[in-house]
Structures are given as C-alpha cells and as structure tokens.
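Notes for the one structure printed next.
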Amino acid sequence: MLPLKHSTKPKTRLTLTPLEQNIYFAAKNAKDGVVSLEIIRSWKLAGNNTLQVTLTNMVKKGWLARLRKGVYLLNESPGVAVKDPFSIATYIFPGYIAFSSALYIHKLTDTLPFEVQVATRNENGSRRIGEYTFRAIPLGKRYSLAKRENGCLVSTAPKTLYDCLAHPDLAGGYPQILNAINEAKLSETEWRELLYYAEKFEPPAFYQRLGYILELLPKKNNEINDIIKICHKKVKSNIYLSARRKGKYIPRWKLVDDIGKDELLGWWY
C-alpha cells in the first residue's frame with residue numbers, strides 16, 4: 001500500500017490581506033477570543049458589505065470560526081482549537097451551562113465533558129467545533145436565572161442537581177447524580193431551592209426517586225434526612241427508578257429499582 005501524500009505535513013492557512021490582518025490583530029484583544037460583527041463595525045475599518053465578505057473569507061481561510069450569525073471565534077493556529085469550551089458555549093447558544101457540564105463546573109464530577117450542554121428557553125440543536133460538541137437543550141418554563149462562575153454563565157448547584165434529576169440521561173445517570181449530591185453537601189437553603197423547582201414542575205414520582213436514592217447514601221446529614229421525610233410523604237403509585245425492566249421492588253417507596261444498589265453506589269465503594 002502506498003503511503004498517503006503529505007500525511008505528516010502540518011495544516012497551513014492562506015495569507016491574510018491587509019484588511020484581514022487589521023481585523024485579526026484587533027480581534028486578538030477580544031474577551032475569550034470571541035468577537036461580534038457589531039464590534040468589528042465599530043472599528044470602522046471598512047464598509048459593512050466589505051466587512052461581511054472579508055469575514056466570510058477569513059472563515060474559509062481558517063483564521064476565524066463562525067459561532068453563530070455575526071459572532072466569530074479567533075483561531076490562532078490552523079484548525080479550530082477551543083481552549084475553554086465553557087466560556088464560548090453561550091456565544092453559540094443563548095443560555096447557560098447546565099446538566100453534566102454544570103456538574104463539572106461546580107466540581108461535582110471529575111468527568112470532563114466533550115459535549116457541552118447549554119440550557120436555552122426554546123432553541124434546540126448542536127454544533128461541532130474542534131473536538132467539542134455544543135448542544136442546546138430547550139427547557140421552556142423550567143429555564144431560570146443563572147450565575148457567572150469561573151468565567152461562564154452556569155445554573156446554580158441546586159438548579160443543576162434538579163435538572164439532572166429531572167433528566168438523568170443528560171447527567172450520566174443516577175449513579176453520577178447521587179455522587180454529585182453527596183459531593184455538593186447542599187445547605188438547607190439550597191435544598192429549598194431544589195424543592196422549589198420540584199414543587200412547581202414535577203409529579204410525585206420525582207420525589208419517590210429522589211427519596212429512594214438519598215436513603216441509599218451511607219452517610220447522611222440532617223438536611224438529607226429532612227428531604228427524605230418530605231419525599232416519603234409524596235409516595236403514591238408504583239413506579240420504576242429508570243427504565244421499565246426487571247429489578248428489586250422497594251415497598252417503602254413503591255418503586256422498582258431496576259439499576260441496583262451496587263451500581264448506584266459504585267462510586268462509594
């Protein structure tokens with residue numbers, strides 16, 4: 001088999017024109033390496049039509065990556081290199097970092113996600129930039145205010161855990177969520193914030209699942225014991241913990257544990 005030609009040569013980019021150079025070096029001072037068409041227009045380097053054609057050419061040459069309409073990421077080397085995926089995620093989709101991505105920012109998981117999840121009001125979709133996938137997840141009425149932490153907009157720890165409990169498939173599953181709850185050590189005020197969303201949006205089954213997994217924790221503080229009592233008062237119909245498959249029935253919670261205690265607490269052992 002013949003070797004592939006040029007397989008070891010680094011990627012190169014086409015040379016910048018004088019106008020493109022001016023835009024590139026001015027953009028190097030932009031926060032997070034992200035610059036908008038509105039800001040570029042304010043530099044008064046050229047007319048609007050010329051700027052738009054120039055930016056399109058810079059994207060084709062690999063000096064800029066288009067994040068969304070009118071928003072660009074500066075590429076300092078050939079190919080798109082995303083240094084901080086969390087800081088640019090909300091430039092791509094309007095919203096805040098959520099679910100397993102938010103768990104990582106809050107240091108409630110050690111797993112670095114290569115899919116960065118952004119909670120939005122209504123926008124849905126995904127974008128691949130460099131080695132990262134950015135995914136917009138519409139929360140509708142469950143969308144809430146967020147706070148800025150480590151340079152990016154992210155859901156609070158209680159809201160993050162609520163979102164994960166409501167959508168465990170977006171958080172790595174119940175074992176990772178239970179580990180995150182154990183690491184979070186939420187205060188009474190933070191638990192009230194989590195339950196605020198649960199009371200507003202969730203059926204009794206949410207409480208049954210939450211109460212059951214909390215009761216499995218080998219070490220529980222007063223706050224968690226209080227939450228377990230609140231959850232147990234909500235027990236009604238028979239439910240499954242996860243999917244509808246065989247498992248162990250837990251009469252106290254009217255719940256079929258189709259995951260298993262050993263897997264749920266695998267991070268503890």
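Here are a few things to note about the model shown:
- Residues of the range 107-144 classified as modelled with pLDDT under 95, closer than 17 Å to residue 91 by Cβ and not in a strand (DSSP E or B), total: 1
- Selection count where residues are touching a Leu at 6+ places or on another chain (Cβ under 8 Å), over 18 Å from residue 242 (Cα atoms) and hydrophobic (A, V, I, L, M, F, W, C), scope the range 152-179: 1
- Within the range 27-39, the set of residues being surrounded by 15 or more Cβ atoms within 10 Å (Cβ to Cβ) and closer than 18 Å to residue 62 by Cβ comprises 27, 30, 33, 34, 35.
- Among the residues of the range 89-115, those identified as closer than 12 Å to residue 152 by Cα and hydrophobic (A, V, I, L, M, F, W, C) are 89, 97, 98, 102, 105.
- Residues in the range 62-93 that are of a type outside the set (Val, Ile, Thr), within 24 Å of residue 148 (Cβ to Cβ) and touching a strand residue (DSSP E or B) at 6+ places or on another chain (Cβ under 6 Å): 65, 67, 70, 72, 73, 85, 86, 87, 89, 91, 93.
- Residue count for the range 41-61, restricted to those that are out of contact with any Leu (no Cβ under 6 Å at 6 or more places or on another chain) and part of a helix (DSSP H, G or I): 13.
- Test: residue 96 is touching a residue at least 40 places away in the same chain (Cβ under 8 Å), more than 13 Å from the chain's Cα centre (by Cα) and crowded, with 21+ Cβ neighbours inside 10 Å: no
- Boolean, residue 107 is surrounded by fewer than 22 Cβ atoms within 10 Å (Cβ to Cβ) and over 25 Å from residue 38 (Cα atoms): yes
- Looking only at the range 121-154, and only at residues there that are more than 13 Å from the chain's Cα centre (by Cα) and among the aliphatic types (A, V, I, L, M), the one that is surrounded by the most Cβ atoms within 10 Å (Cβ to Cβ): 129
- In the condition set (1) part of a loop (DSSP other than H, G, I, E, B); (2) at pLDDT 90 or above; (3) touching a Leu at 6+ places or on another chain (Cβ under 9 Å); (4) not polar (S, T, N, Q), residue 102 is compliant with all but (1).
- When the residues of the range 177-190 are filtered to those that are outside any loop (DSSP other than H, G, I, E, B) and surrounded by fewer than 18 Cβ atoms within 10 Å (Cβ to Cβ), the one that is nearest to the chain's Cα centre (by Cα) is 183.
- Residues that are surrounded by 18 or more Cβ atoms within 10 Å (Cβ to Cβ), touching a strand residue (DSSP E or B) at 6+ places or on another chain (Cβ under 8 Å) and not in a helix (DSSP H, G or I), drawn from the range 206-239: 239
- Counting residues in the range 232-243 that are on the phi > 0 side of the Ramachandran plot, touching a Lys or Arg at 6+ places or on another chain (Cβ under 8 Å) and of a type in the set (Lys, Arg) gives zero.
Let's see how each residue does on (1) under 26 Å from residue 200 (Cα atoms); (2) in contact with a Ser or Thr (Cβ under 6 Å, 6 or more places away or on another chain):
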residue: 101; (1), (2): yes, no
residue: 112; (1), (2): no, no
residue: 122; (1), (2): yes, no
residue: 152; (1), (2): no, yes
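The values are calculated or read from the model by the stated rules, or taken from the named source; none is laboratory data. Fair warning: this is a prediction, and the values are worked out from it, not measured in the lab. Note that each Cβ is placed from the backbone with ideal geometry, even for glycine, and that neighbours are counted across all protein chains shown.
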